[in-house]
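J.: Mind having a look at this structure? Questions to follow.
The values are calculated or read from the model by the stated rules, or taken from the named source; none is laboratory data. Just so it is clear, the model here is predicted, and its values are computed rather than measured. Glycine gets a Cβ as well: all are built from the backbone with ideal geometry, and neighbour counts include every protein chain shown.
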Amino acid sequence: MSLSVTIPARTNDGDAVSAGDWYPAVAPADVRTAMRLGETVTPERLRAAIVGAIVTVNRDLATWAALQGEAGYPKLEDVPAGQVDGTSMIILAWRRAVMSYAAADLLETHAEISATNDGLQRAAEVALPVEQHRRNALHAIRDILGKRRSKVALV
């Protein structure tokens with residue numbers, strides 16, 4: 001008896017998504033791997049989610065980025081920051097924000113929902129990771145801005 005295993009070809013995710021002149025480009029394959037998206041997400045949907053995430057993150061950081069540019073830093077990578085594994089902590093946080101927003105968008109819109117109890121269970125399971133990805137993105141943005149992560153409200 002012999003066993004034959006077919007390994008599907010790796011999806012070609014295409015070129016990196018440009019985030020403009022000031023921010024670094026984002027490689028879709030890196031997002032797919034880091035966020036464990038698997039092959040069910042098409043390269044087109046992945047790219048669209050990354051573009052949307054970049055728009056959201058860059059909009060959230062627009063005022064801060066303008067101040068950094070005025071301070072003489074021509075690119076995000078030039079803004080002074082500590083290093084982790086040879087990479088700026090600001091770059092790491094920016095990438096984490098983009099990847100997390102992209103993953104949240106994909107999970108939210110790619111839920112396998114049906115009218116059955118199994119479909120409802122899957123939808124409930126996806127809701128928690130979506131909020132976790134959004135939280136991670138917000139934490140990364142707050143890290144860049146130097147703001148605290150917690151919000152306190154009087155009840």
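J.: Kindly indicate whether any position in region 83-94 is surrounded by 15 or more Cβ atoms within 10 Å (Cβ to Cβ) and in contact (Cβ under 8 Å) with a residue 60 or more places away in the chain.
T.: Checked region 83-94: at least one residue is surrounded by 15 or more Cβ atoms within 10 Å (Cβ to Cβ) and in contact (Cβ under 8 Å) with a residue 60 or more places away in the chain.
J.: Something else: Working only within region 11-40, note down all residues that are outside any loop (DSSP other than H, G, I, E, B), crowded, with 20+ Cβ neighbours inside 10 Å and in contact (Cβ under 8 Å) with a residue 24 or more places away in the chain.
T.: At the first step, the residues of region 11-40 found to be outside any loop (DSSP other than H, G, I, E, B) are 17, 26, 28-34.
In the following step, the residues that additionally are crowded, with 20+ Cβ neighbours inside 10 Å were identified as 17, 26, 28, 31-32.
VAL17, VAL26, VAL31 - these are the residues of region 11-40 that are outside any loop (DSSP other than H, G, I, E, B), crowded, with 20+ Cβ neighbours inside 10 Å and in contact (Cβ under 8 Å) with a residue 24 or more places away in the chain.
J.: Just one of ALA16, ALA48, ALA66, ALA93 is modelled with pLDDT of 95 or more, in contact with a helix residue (DSSP H, G or I) (Cβ under 9 Å, 6 or more places away or on another chain) and closer than 20 Å to ARG142 by Cα; which is it? Can you show your working first?
T.: Numbers: ALA16 fails: closer than 20 Å to ARG142 by Cα; ALA48 fails: closer than 20 Å to ARG142 by Cα; ALA66 fails: in contact with a helix residue (DSSP H, G or I) (Cβ under 9 Å, 6 or more places away or on another chain).
Going through ALA16, ALA48, ALA66, ALA93 in turn, the sole match is ALA93.
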